[in-house]
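Visitor: Submitted below is the structure of interest, expressed as structure tokens.
The values are calculated or read from the model by the stated rules, or taken from the named source; none is laboratory data. Only a predicted model underlies this, so the values are computations on that prediction, with no experimental measurement involved. Here Cβ is always computed from backbone atoms with ideal geometry, including for glycine, and neighbour counts include all displayed protein chains. All accessible areas refer to the heavy atoms of the entire protein, side chains included, with ligands and DNA or RNA removed. Shrake-Rupley method; radii C 1.70, N 1.55, O 1.52, S 1.80 Å.
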Amino acid sequence: MPYLLAAEADKIQDFIFRSSRLREVVGASQLLTRFCRSIDDTLAKKHGGQVVVNDGGSFRVIFDDLAKARAFGADLAELYRLALGGSLTVAEPVRLDGDFRKANEQAGERLRWAKSRRQGAIAEVHMPYVAFCASCGVALARKRERLTGRRATNRSSYICEACRAKAAERDRKPRAILDELYEAYCTSLGTQPTIDLDWPEDADDIARLDLRQRNYVAYLVADGNGMGRTFGMCGQEQLTKLSEGLSPILQDSLAAAAASFRNVVSEQAHMIPMIPLILGGDDLFALIPAPYALDFTRRFCLEWERRMKKLADEIGLTDLPRPTVAAAVVICKGTYPYALAHRRAEALLKEAKRQSKLLAAETGEHLSAVNFEVILGNRLAGQEDDDAKNSRVVCLTLRPYWVCDGDLSQNAKERGFEIKTLLDQRLTLKDIPNKRLAELRRCFEDVPTSITIRDRNQTMQTWTNRQLDNVLQRLSTTSRAKLETALTTLGKSRNDSNSDHHWREIRRGDATPFAHGMLDLLESWDFAQDLEYRPDDYEPQEEEA
């Protein structure tokens with residue numbers, strides 16, 4: 001009687017992020033990928049197992065004997081501990097009676113049960129006169145040696161075994177993630193791979209691509225929508241093909257977006273303009289350039305949708321809804337801690353996924369969504385709770401934005417705007433004097449939000465007459481016309497018969513707050529360019545008021 005075993009690595013992000021240098025973060029991702037791929041030809045073959053899934057720290061393996069399945073599970077957990085220094089949960093094998101989908105569902109339930117009953121983490125032994133790792137700061141150092149990399153100094157540091165393995169993996173040949181991504185990048189550029197490729201060493205390398213020379217970078221987080229349902233619809237062969245195809249889809253989509261950026265921004269052309277920190281399954285965390293960051297993300301989402309639809313058709317998932325992905329971008333200084341950027345991006349991603357799910361549940365329409373935030377200086381992100389923002393009668397943002405390769409439906413327009421609309425208005429307003437843009441931003445930041453539904457129309461009309469019109473009157477005729485058009489496009493016409501202001505109602509679940517996209521545009525001004533246009537196309541020709 002065959003049995004299906006499910007196993008999954010615990011707290012993968014904690015393992016990957018437990019280092020201070022991005023070099024070791026990349027190495028940790030590659031180390032995890034190489035471990036997963038090696039199981040098929042090593043441990044699974046030893047125990048006579050048939051691997052169905054072995055990617056992203058997740059495993060599904062079929063055995064013809066219960067004892068072999070249990071022995072494999074014990075060896076897998078121990079091997080993971082020895083190789084990566086972390087823990088891996090193994091569920092009790094499930095009998096496979098011919099219905100793979102049912103067995104896979106039961107295996108997932110047993111895996112969740114096993115994870116919920118794991119014991120807490122065991123603390124490192126603390127002793128006097130011992131050294132802790134200079135990189136992760138939590139593990140006991142194994143030896144003292146010089147760090148590797150372009151920016152490494154001759155000074156030696158105490159390093160633990162896990163961080164040593166991560167750093168060594170970053171330079172190992174072949175490299176599981178970087179080499180494959182580089183090939184996809186060259187394919188998108190239409191060039192041949194060379195031996196002179198140069199990956200970013202840390203955030204400072206990507207910060208040099210900031211066109212304003214202010215050392216900003218962007219962190220991109222993405223996750224496929226409804227992937228649990230997609231996996232649940234798969235038979236055994238479909239599940240294997242889907243699992244094998246997800247990482248290449250992420251690689252190719254990221255590479256295509258990076259190639260579009262390189263074709264427009266040629267600075268430091270020898271360096272690949274991004275680096276993946278987590279890339280496996282349908283999860284992505286990457287460091288990308290801050291300029292064009294929103295369009296970079298938009299193009300990534302569209303490419304992911306196209307490739308995911310193609311894969312679903314190839315493996316016969318005909319009943320699958322339109323594949324969509326949620327993405328979040330955090331734009332910050334290159335010195336901002338990557339772990340904090342990731343934490344904020346995950347919160348933004350949660351809101352993007354929520355809006356996509358609400359749209360699908362209420363209208364049956366499936367769209368990808370992009371959320372973003374610009375962290376000025378080194379302030380903490382997310383100082384105001386997102387739920388509190390969504391409960392306002394007047395909301396200062398339209399985020400998240402939809403991603404659509406065409407026109408939005410009326411249902412989608414009632415719940416948000418397409419992010420291309422934001423990019424188009426960035427080009428339209430490029431000649432507005434910076435002083436007027438600053439005044440406009442202060443104007444929108446001072447919008448009263450603590451008002452009642454009954455009074456909001458009158459309050460917004462008063463705000464328009466007293467503050468917004470004051471900014472408009474200081475502009476030339478041409479600039480004023482452009483700004484009026486942008487205000488209408490990102491909100492609604494002031495000449496609407498129901499109001500005398502530019503704010504529009506937006507559906508947010510059961511609430512319908514007033515919202516406008518102008519502040520979103522002003523906050524992301526330096527990062528909202530369209531990759532159809534070069535940087536020179538955005539140079540302003542300022543007019544006198």
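Visitor: Kirkwood hydrodynamic radius (Cα pairs, Å) of the stretch 452-545?
Guide: About 15.2 Å, per the Kirkwood formula over Cα pairs.
Visitor: Using square roots of five times the C-alpha gyration tensor eigenvalues, list the equivalent-ellipsoid semi-axes of the stretch 280-356 in whole Å, biggest first.
Guide: Three semi-axes, in Å: 27, 13, 11.
Visitor: Using the basic label-point model (7 angstrom from Cα toward the beta carbon), what is the Arg214 to Arg81 distance in nanometres?
Guide: If labels sit at Arg214 and Arg81, their model points lie 5.0 nm apart.
Visitor: Also: With every protein chain present, what accessible area does Val264 have (1.4 Å probe, heavy atoms only), rounded to the nearest 10 Å²?
Guide: 20
Visitor: Another question, if that's okay. When the helix-only estimate is applied to the chain (DSSP H runs of n ≥ 4, each -39,500 (n - 2.57), divided by the residue count), what is the mean residue ellipticity at 222 nm, nearest 500 deg cm²/dmol?
Guide: My calculation for the chain gives -13500 deg cm²/dmol from helical runs alone.
Visitor: List the lysines whose alpha-carbon lies under 21 Å from that of Lys102, not counting same-chain residues fewer than 8 positions away?
Guide: Lys115, Lys241
Visitor: Determine the per residue accessible area of the stretch 44-101 with all protein chains present and a 1.4 angstrom probe, expressed in square angstrom.
Guide: 45
Visitor: Using the Karplus curve 6.51 cos²θ - 1.76 cosθ + 1.60 with θ = phi - 60°, work out ³J(HN,Hα) for each residue of the stretch 503-510 in order, rounded to whole Hz, and write x for Gly and Pro.
Guide: Couplings: 7, 10, 6, 10, 7, 10, x, 8 Hz.
Visitor: Quick one: what are the phi-derived ³J(HN,Hα) couplings along the stretch 315-323, Karplus 6.51/-1.76/1.60 with θ = phi - 60°, whole Hz, x for glycine and proline?
Guide: Whole-Hz 3J(HN,Hα) from phi for the stretch 315-323: 9, x, 8, 6, 8, 6, x, 3, x.
Visitor: Need the list of lysines near Lys435 for cross-linking: C-alpha distance under 25 angstrom, and skip anything on the same chain fewer than eight residues off.
Guide: The qualifying lysines are Lys333, Lys482, Lys492.
Visitor: Over the Cα atoms of the chain, each weighted equally, I'd like the Debye log10 I(q)/I(0) at q = 0.06, 0.09, 0.10 Å⁻¹, rounded to two decimals.
Guide: Each listed q maps to, in turn, -0.34, -0.74, -0.89.
Visitor: If the chain between Thr318 and Asp446 were fully stretched, how many nm would it gain, using 0.36 nm times the residue separation less the Cα-Cα distance?
Guide: This chain segment gains 41.1 nm when fully extended.
Visitor: Let me ask something else. Taking the Cβ-Cβ separation of Gln192 and Ser38 as r and a Förster radius of 25 Å, what is the calculated FRET efficiency to the nearest 0.05?
Guide: 0.30
Visitor: Let me ask you something else. Work out from phi, with θ = phi - 60° and the Karplus expression 6.51 cos²θ - 1.76 cosθ + 1.60, the ³J(HN,Hα) of each residue of the stretch 35-45, listed in order in whole Hz, and give x for Gly and Pro.
Guide: Along the stretch 35-45, the couplings run 4, 4, 5, 6, 5, 4, 8, 10, 5, 5, 5 Hz.
Visitor: Work out the length of the dipole vector of the chain about its Cα centre, built from +1 on the beta-carbon of each Lys and Arg and -1 on the beta-carbon of each Asp and Glu, and round it to the nearest 20 debye.
Guide: That gives a dipole near 1440 debye.
Visitor: According to a simple spin-label model (label point 7 Å from Cα along Cα-to-Cβ), what is the distance in nm between Glu244 and Glu539?
Guide: 5.2
Visitor: Shifting gears a bit: Ordering Asp10, Asp295, Asp252, Asp171 by accessible area with a probe of 1.4 Å, largest first, what comes out?
Guide: Of Asp10, Asp295, Asp252, Asp171, the descending order of accessible area is Asp171, Asp252, Asp10, Asp295.
Visitor: Separate question: What does the net charge come to around Tyr158 if you take all other residues with beta carbon closer than 11 Å to its beta carbon, with K and R at +1 and D and E at -1?
Guide: So the surrounding residues net to +3.
Visitor: At Gln410 and Glu105, where each label point lies 7 Å from the Cα along Cα→Cβ, what is the point-to-point distance in nanometres?
Guide: Computed distance between label sites Gln410 and Glu105 equals 3.8 nm.
Visitor: For the pair Asp455 and Phe132, what calculated FRET efficiency results from E = 1/(1 + (r/R0)^6), where r is the Cβ-Cβ distance and R0 = 56 Å, to the nearest 0.05?
Guide: E between Phe132 and Asp455, to the nearest 0.05, is 0.45.
Visitor: For the stretch 192-339, report the accessible area per residue in Å² (1.4 Å probe, heavy atoms, rounded to an integer).
Guide: Counting only protein heavy atoms, the per-residue value for the stretch 192-339 is 34 Å².
Visitor: Using the heavy atoms of the protein chains and a 1.4 angstrom probe, tell me the accessible area per residue for the stretch 476-545 in square angstrom.
Guide: For the stretch 476-545, the per-residue accessible area is 47 Å².
Visitor: Which percent of the accessible area of the chain is formed by carbon and sulfur heavy atoms (probe 1.4 angstrom)?
Guide: Percent of accessible area from carbon and sulfur atoms in the chain: 46.
Visitor: Using the Cα gyration tensor of the stretch 175-243, with a ≥ b ≥ c the square roots of its eigenvalues, what is the shape: rounded (a/c below 1.5), prolate (a/b larger than b/c) or oblate (neither)?
Guide: In terms of gyration-tensor shape, oblate.
Visitor: Would you mind checking which residues have amide H under 5 Å from Leu277's amide H? H placed 1.01 Å from N; only 5 or more apart, or other chain.
Guide: Long-range HN contacts for Leu277: Phe285, Ala286, Leu287.
Visitor: Measure nothing fancy, just the Cα-based angle from helix 477-489's long axis to the longest principal axis of the chain, in degrees from 0 to 90, nearest 10.
Guide: That helix lies at roughly 50 degrees to the long axis.
Visitor: If one computes the Cα centroid of the stretch 90-107 and of the stretch 1-62, what distance in Å separates the two points?
Guide: Value for the Cα centre distance between the two parts: 19 Å.
Visitor: Oh, and also: Stretch Glu161-Glu362 to full length: gain in nm at 0.36 nm per residue minus the Cα-Cα span?
Guide: Length gained between Glu161 and Glu362: 67.3 nm.
Visitor: From largest accessible area down, sort Tyr182, Tyr292; use a 1.4 Å probe on the protein chains.
Guide: Heavy-atom accessible area, descending, gives Tyr182, Tyr292.
Visitor: Full-extension gain between Ala74 and Asn495, please, as 0.36 nm times their residue separation minus the C-alpha to C-alpha distance.
Guide: Stretched fully, the Ala74-Asn495 segment lengthens by 144.5 nm.
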